[in-house]
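The values are calculated or read from the model by the stated rules, or taken from the named source; none is laboratory data. Computed from a prediction, not measured in an experiment: that's the story for all the values here. Cβ placement follows ideal geometry from the backbone for every residue including glycine, while neighbour counts extend to all protein chains displayed. Side chains are part of the model used for accessible areas, which takes the heavy atoms of the whole protein and leaves out ligands, DNA and RNA. Shrake-Rupley method; radii C 1.70, N 1.55, O 1.52, S 1.80 Å.
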Amino acid sequence: MDKLGPEHRLTLYHEVKMARAYRKSGRGNKALELQQKLVETSERVMGDEHPDTLSRTQNLARTLGELGRTKEALGLEQSLLEISKRVLGEEHLNTLDRTQNLAITLKSLGRTNEALELVHSLLETSKRVLGEEHPDTLDRTQNLAGTLGELGRTNEALGLEQSLLEISKRVLGEEHPHTLDRTQNLAITLEILGRTNEALELVQSLLETSKRVLGEEHADTFSRTQILAIILKSLGRTNEAFKLLQPLLQSSDQILGIYHPRTLSIALTLASTIRALDQSSEVFSLLVFPLLQALVGKFKTAMGDEHSETLKVTQHLAGTLLKLGRTNEALQLQQSILETSQRVFPPDHPAVMTAIQTLAMTFTALGDHNSALQLQQPLVEQSKQVLGNVHRNTLARIQNLAITLRNLGRFDEALHLQQSMLEKSTRIWGPEDPSTLIKIQSFAITLRKLGRFNDALEIQQTLLKVSKRVIGIDHPSTFRRIQNLSTTLAYLGRKNESLELMKPLVDKSVQVLGESHPDTLYYIKSLKLLES
């Protein structure tokens, strides 16, 4: 390359490959440095509108996005798309790719409705230009499904993904990497919809195929092992999840590198799994807290202090401080996260709204319900404006607001909010959707607080039957519903019926979750109170 010179096309070609290798290995800042130089050289040598310059600009935008510099990426991609339309045409394959990249960046900035409009239009163009079964059209169908999922339109996403997977199997084959990716996406959607056992079966089969086709040490195989662990944890099988994640993290460290995004994600999942294993201060002090501290440091090194993923893992650290009783430190850290989020991102960015919500939840945990209320009320209004009245996140924030009102003794206001939410959730997602079931349970608790024990009892009895059928008798959420029903029976003076529920629940929780699981300890405490 020295003989060819720094501006020779072969020199530039090799530098493009080197930058790609840096990015794939998790060395984003190194890739960025090289890509910025490549774009400058390409503009000078070939001009702003040369196809190679446009490709290198796109690579630079992608790396900026991965490093959390999403606004810079957006500016580049918007300009790039306009040039691409003018120079190559609106239906050129590269123009279509750049439209998709812009939609992805808009989503990452929380501008999901804009992204949806772009993705819908892109998919129609792709079908017309390339055909309905072209691999790029299939990718864009998946992107539409993902966008619908982010907008809370999960059943629509599921329908698209099921159809897409069948086409992918027929066109590409059952073991094609893209087919495996689509199987994974379908499993994640099933998990979101509470169809956890179906998701588990799908991922277990997928993982075996991934090991055989791609190898046990492939990054995608690591990702599928991680998803399996997450599903097991969701089912209360936390020990099994832990046994999967511990060696997985070691392998990812060695093969992908300690700063690779997949390695960092696995470490974060492991930390949350350890938190679910035991609530003793010793476990948090000796295992969880040091792991999260180290993880925050790794995220800062790999992605920078202000990246949304760095802020996310810092929130986990704040939650652990809260568990350890270090409440002032937890609160200060949450406030710092919110300040950083508000400085770096626009007010309607998901990271900002999440930081507000998490800080409110911290105030709730500290018993400062008025401070939580002051944050939650404007957050709900903002969420309605940005995401809409019936988005899952909006309804979740209304749910948190209702619980805060209930904590403040404002039961009638809480009940009014919950009734409205429950009607929307039932109408849009159905009476058996996991989020609907959560809202039913919370509504019943508020009824109980108002002294309407018989109304609460009727709702909880029906809810428990649905929960057993939909998510299974051994699911942690079903356990909690048994406990809540037992409490209502106790309020009604039906102590023997309450005990008949609690005694087998304790045994079952020990068997499924373990003796030291926080839920098990709570059920044991509840049983002792009933027996006293």
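Here is a yes/no grid of residues against (1) among the small types (Gly, Ala, Ser); (2) farther than 18 Å from Lys298 by Cβ; (3) in contact with a Leu (Cβ under 9 Å, 6 or more places away or on another chain):
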site	(1), (2), (3)
Glu198	no, yes, yes
Arg212	no, yes, no
Thr225	no, yes, yes
Leu235	no, yes, yes
Thr238	no, yes, yes
Leu249	no, no, yes
Leu256	no, no, no
Pro261	no, no, no
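Search segment 132-161 for residues being open to solvent by 20 Å² or more (accessible area, probe 1.4 Å) and not in a helix (DSSP H, G or I), and hand back the single one that is modelled with the lowest pLDDT.
Applying the filter and picking the extreme gives Arg153.
For Gly215, all conditions in the list (1) more than 28 Å from Val512 (Cα to Cα); (2) open to solvent by less than 60 Å² (accessible area, probe 1.4 Å); (3) assigned to a helix (DSSP H, G or I) hold save one; what is the number of the exception?
Result: Gly215 passes all but (3).
What are the pairs, 6+ residues apart or on separate chains, where a residue within segment 320-347 that is open to solvent by less than 50 Å² (accessible area, probe 1.4 Å) has its Cβ under 8 Å from a residue that is assigned to a helix (DSSP H, G or I) and among the acidic types (Asp, Glu)?
What qualifies is Leu321/Glu329.
Within segment 247-256, how many residues turn out to be surrounded by 16 or more Cβ atoms within 10 Å (Cβ to Cβ) and touching a residue at least 24 places away in the same chain (Cβ under 8 Å)?
Residues that pass the stated criteria total 4.
Filter segment 194-210 down to the residues that are part of a helix (DSSP H, G or I), charged (D, E, K, R) and within 18 Å of Gly472 (Cα to Cα), then identify the one that is farthest from the chain's Cα centre (by Cα).
Glu201
Residues to consider are Arg20, Arg56, Arg86; find the one that is closer than 30 Å to Lys300 by Cβ, in a helix (DSSP H, G or I) and open to solvent by 30 Å² or more (accessible area, probe 1.4 Å).
Arg20
Within segment 229-246, count every residue that is in a helix (DSSP H, G or I) and open to solvent by 20 Å² or more (accessible area, probe 1.4 Å).
Residues that pass the stated criteria total 9.
With the structure loaded, tell me whether Gly75 is out of contact with any Leu (no Cβ under 8 Å at 6 or more places or on another chain), at pLDDT 80 or above and loosely packed, with under 15 Cβ neighbours inside 10 Å or whether it fails that test.
Criteria met by Gly75.
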